[in-house]
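Asker: One structure follows; several queries about it will come next.
Just so you know, all these numbers are worked out from the coordinates, no wet-lab data involved. Keep in mind that this is a model prediction, so the values were computed, not measured. Positions of Cβ are backbone-derived with ideal geometry, glycine not excepted, and every protein chain shown enters the neighbour counts.
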Amino acid sequence: EARNRPHSLLLVTKGGTKECAPLLKRKPCRNIIISFSVNAPDAARDHEKGAAPAEERIEAARKLMAKGWRVRLRIDPMIMGYDYSGIIKAVRDAAPERVTLGCLRAEPNLLRRLKNEIFSELEIPKGKSALARYPRQERMRLYSQAVKALKKVCPIGLCEETQDVWEELGLDWRSKSCNCGE
């Protein structure tokens, strides 16, 4: 950990307390940020095979924060058909330094190569480099409840989202407040 050094190491994980045990034994470093991706428990059970349960990830995040580590949380990818109210409350109660929200999205290459029902509700992108996404109103529905609950807790960013969605949610797209930003 060097003073006046602008670089940070961002560790992104779906691990829980077991995977974070080595960090819990160490002195925190301000240049290291641990970011947990969490999802609604049912979505995690259905689509995140091998990952720690969402509740355990939140518990690991709490323990790391209590030790002084920098911790961020991501609710990503939000998937239509799942209830996010419980995980949003858990994230709010944990009060990380930053939260990033993201809805399920896919690059065109992925859609061509992988036929998976989870992508069936995504709209095919118009441009070659655009992402397939849920219809805008569905993304707004998923994001709105989280933004409302988290806005006064910590900075909120959106992952790979369009400027108009940031603006409609009352978020500043110029702030670089997504997970990977400093």
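Asker: Antiparallel DSSP bridges in the chain: what percent, to the nearest 5?
Answerer: 15
Asker: As an exercise, use a Förster radius of 22 Å and the Cβ-Cβ distance of Gln145 and Glu55 to find the FRET efficiency, rounded to the nearest 0.05.
Answerer: 0.70
Asker: Nearest 500 deg cm²/dmol is fine: what mean residue ellipticity at 222 nm does the chain get from its DSSP H runs of n ≥ 4 alone, each adding -39,500 (n - 2.57), divided by its residue count?
Answerer: -10500 deg cm²/dmol
Asker: Here is a follow-up. Taking amide H positions as placed 1.01 Å from N in the peptide plane, with prolines and chain starts having none, which residues 5 or more places from Arg98, or on another chain, fall under 5 Å of its amide H?
Answerer: Leu73
Asker: Here's another thing I want to ask about it. Please work out the Cα convex hull volume for region 56-108 and give it in Å³ per residue.
Answerer: 87
Asker: Turning to a different aspect of this structure: With θ set to phi - 60° and the Karplus curve 6.51 cos²θ - 1.76 cosθ + 1.60, what are the ³J(HN,Hα) couplings of region 153-169 in order, to the nearest whole Hz, using x for Gly and Pro?
Answerer: Whole-Hz 3J(HN,Hα) from phi for region 153-169: 8, 6, x, 10, x, 10, 8, 6, 10, 7, 4, 5, 5, 3, 5, 5, 7.
Asker: A further question follows. Give me the percent relative contact order of the chain, please, defined on Cα pairs under 8 angstrom at least 6 residues apart.
Answerer: That works out to 19 percent.
Asker: Check cross-link reach from Lys115 to the lysines: straight Cα distance under 27 Å, and skip same-chain residues fewer than eight apart.
Answerer: Lys14, Lys49, Lys126, Lys128
Asker: What whole number of Å gives the distance from the Cα centroid of region 1-49 to the Cα centroid of region 76-127?
Answerer: 19
Asker: Determine, from the Cβ-Cβ distance of Lys152 and Lys18 and an R0 of 30 Å, the FRET efficiency 1/(1 + (r/R0)^6), rounded to the nearest 0.05.
Answerer: 0.35
Asker: Provide the per-residue ³J(HN,Hα) series for region 91-106, in order, calculated from phi with Karplus coefficients 6.51, -1.76, 1.60 and θ = phi - 60°, each as a whole number of Hz, with x at glycine and proline positions.
Answerer: Working through the residues one at a time gives 5, 4, 5, 6, 6, x, 6, 6, 10, 10, 10, x, 9, 3, 8, 8 Hz.
Asker: To continue, here is another question. Could you give the spread of the C-alpha atoms of the chain along their three principal axes, from largest to smallest, in whole angstroms?
Answerer: Sorted from largest, the Cα extents of the chain read 48, 35, 31 Å.
Asker: Can I ask one more? Using 0.36 nm per residue of separation minus the Cα-Cα distance, give me the extension gain between Ser129 and Glu97 in nm, one decimal.
Answerer: 8.4 nm
Asker: What are the aspartates and glutamates whose alpha-carbon lies under 15 Å from the alpha-carbon of Lys67, with same-chain residues fewer than 8 places away excluded?
Answerer: Straight-line reach from Lys67, under 15 Å: Glu59, Glu97.
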